[in-house]
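The values are calculated or read from the model by the stated rules, or taken from the named source; none is laboratory data. Please read all numbers here as calculations on a predicted model, not as lab measurements. As a convention, Cβ positions derive from the backbone with ideal geometry for all residues, glycine included, and neighbour counts pool all protein chains shown. For accessibility, only protein heavy atoms count, side chains too; no ligands or nucleic acids. Shrake-Rupley method; radii C 1.70, N 1.55, O 1.52, S 1.80 Å.
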Amino acid sequence: MHGVSFLTLSPPALRPPRVVRAVRRLDARLLTALHARGDDPRAAAAARALSRAGEHGALWLAAGLAAAAVDRSRRPAWLRGTALTAAAHLAGVGAKHLVRRPRPTAVRARVAVLGPHSFPSAHAASSAAAAVAAAALLPAAGALAVPAAAAMCLSRVVAGVHHPSDVAAGALLGAAAAGLGMRGPRGRRRG
């Protein structure tokens, strides 16, 4: 079973623990319910636009570089946050190649994807990292970045290309990377 994720069905002799089965059921229900929101053409268009903007973390990297160009007094911190966003994205992509969980098949994908693996969501990793970095540097930027990141994360499920658990794992990865990276050696916020 090379390339099959730990979240796929196992032979009866290797039946997963009850909690894993419960998470799978919840994941499937949430995927179905959130994907159904994309039946509204406006929601589908928004999901497609967000998915394109977030490819390779492009939206977040551009925003971080723009903030560094405008906010000269915090330029090094904005550049650090942007680098952490890129690192979170790359960590998400790397983890996909290790875990190899297939993308959802129970729903129709509304956007094209670059690869067959879904866990964790690299879109969610870069989005959460950018939101955490922005909020750490400037509360007003965080007030914009946090809801935008949440919308980006949600769009991946509405688009049918990620399970909700893929998005949750990616968001945790990105938030942790930026949260740790924006702190100094004594745990104080840098920037």
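With part of a helix (DSSP H, G or I) and in contact with a helix residue (DSSP H, G or I) (Cβ under 6 Å, 6 or more places away or on another chain) as the only criterion, which of Ala129, Ala136, Ala140, Ala150 stands out?
Of Ala129, Ala136, Ala140, Ala150, the one residue that is part of a helix (DSSP H, G or I) and in contact with a helix residue (DSSP H, G or I) (Cβ under 6 Å, 6 or more places away or on another chain) is Ala129.
Do we find that Ala175 is of a type in the set (A, V, I, L, M), under 18 Å from Leu31 (Cα atoms) and open to solvent by less than 50 Å² (accessible area, probe 1.4 Å) in this structure?
Spelling it out, it is not the case that Ala175 is of a type in the set (A, V, I, L, M), under 18 Å from Leu31 (Cα atoms) and open to solvent by less than 50 Å² (accessible area, probe 1.4 Å).
When you look at Val107, is it surrounded by fewer than 24 Cβ atoms within 10 Å (Cβ to Cβ), out of contact with any strand residue (DSSP E or B) (no Cβ under 7 Å at 6 or more places or on another chain), of a type in the set (A, V, I, L, M, F, W, C) and under 18 Å from His56 (Cβ atoms), yes or no?
Spelling it out, it is not the case that Val107 is surrounded by fewer than 24 Cβ atoms within 10 Å (Cβ to Cβ), out of contact with any strand residue (DSSP E or B) (no Cβ under 7 Å at 6 or more places or on another chain), of a type in the set (A, V, I, L, M, F, W, C) and under 18 Å from His56 (Cβ atoms).
Are any residues in segment 70-102 touching a strand residue (DSSP E or B) at 6+ places or on another chain (Cβ under 7 Å) and in a loop (DSSP other than H, G, I, E, B), and if so, which ones?
Result: Arg100, Arg101.
Can you tell me which residue in segment 124-144 is farthest from the chain's Cα centre (by Cα), limited to those that are under 17 Å from Ala46 (Cβ atoms) and open to solvent by less than 10 Å² (accessible area, probe 1.4 Å)?
My answer is Ser127.
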